Amino acid sequence: MRLPLPHVLFAIALSAAGTVARAADQCLSKAELMDVARMGSVMGLGGALKRCGNCLGERYQKTVDSYEESGMLVEFRRAEVAVQSSQSKFEYADELVRVAARKFASDMSADCTACERTADTVGTLASADMRSKLYDAEAAKITQMPAYKSCP
């Protein structure tokens, strides 16, 4: 079945308009950036801890317990709900979260010295102020990523 040329052109125009709309959704407000930073930090820290088990030895379980008790997982879920509520930006934000988390985990578990610093950091995260500083630092790193774009 052949479609008349006007229908084909109309379909192309619609798909191009969809591409423009998706591109326009690939930016983050300040609040969305902070949600991405929270999620990336929590995921990255969890990933780093998994990699640091051998280096931390007996300290590992205590560090994991501190991580779980810090409130970060609750903050992750809140940020996740906020990011998911913006369906048009979800894929963009999710990709930034994953890239940030991989980089964060890699930095925090690069070697046993990094793992020791990670465990020390986790020990401070019971404080909301310290978690906020961690998220702010991660947000600053995200703004330097080539894929990051701030919404006007």
How large is the dipole of the stretch 30-142 about the Cα centre if only Lys and Arg carry +1 and Asp and Glu carry -1, each at its Cβ, rounded to the nearest 20 debye? 120 debye
Label-point separation, GLN87 to ARG102 (7 Å along Cα→Cβ), nm: 2.8 nm
Counting only protein chains, not ligands or nucleic acids, how are GLU68, GLU32, GLU116 ordered by accessible area (probe 1.4 Å), most first? GLU68, GLU116, GLU32
Find the relative contact order for the stretch 51-152 and round it to a whole percent, using C-alpha pairs within less than 8 Å whose residues are 6+ positions apart. 38 percent
Cα-Cα P(r), the stretch 30-142, percent of pairs per 5 Å interval: 2, 14, 24, 24, 19, 10, 5, 2, 0
Rounded to one decimal in nm, the spacing of the 7 Å Cα→Cβ label points at ARG117 and SER132 is 2.5 nm
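Please get the size of the charge dipole for the stretch 55-111, origin at its Cα centre, with Cβ charges of +1 on Lys and Arg and -1 on Asp and Glu, quoted in debye to the nearest 20.
On the way: 8 positive and 11 negative charges, 27 e Å.
Here the stretch 55-111 has a charge dipole of around 120 debye.
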Subset of LYS50/LYS149; LYS30/LYS50; LYS30/LYS149; LYS103/LYS149; LYS103/LYS133 violating a 20 Å alpha-carbon distance limit: LYS50/LYS149; LYS30/LYS50
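Over the stretch 30-142, give the accessible area per residue in Å² for a 1.4 Å probe, as an integer. Don't skip to the answer; put the middle values down first.
Values: 5910 Å² over 113 residues.
I get 52 Å² per residue for the stretch 30-142.
Extension gain GLU58-CYS151, at 0.36 nm per residue separation less the Cα-Cα distance, in nm?
Working: separation 93, 0.36 × 93 = 33.48 nm, distance 4.54 nm.
Contour length minus Cα-Cα distance gives 28.9 nm.
The values are calculated or read from the model by the stated rules, or taken from the named source; none is laboratory data. No experiment lies behind these values; they were computed from the predicted model shown. Note that each Cβ is placed from the backbone with ideal geometry, even for glycine, and that neighbours are counted across all protein chains shown. Surface accessibility is based on the protein's heavy atoms, side chains included, excluding ligands, DNA and RNA. Shrake-Rupley method; radii C 1.70, N 1.55, O 1.52, S 1.80 Å.
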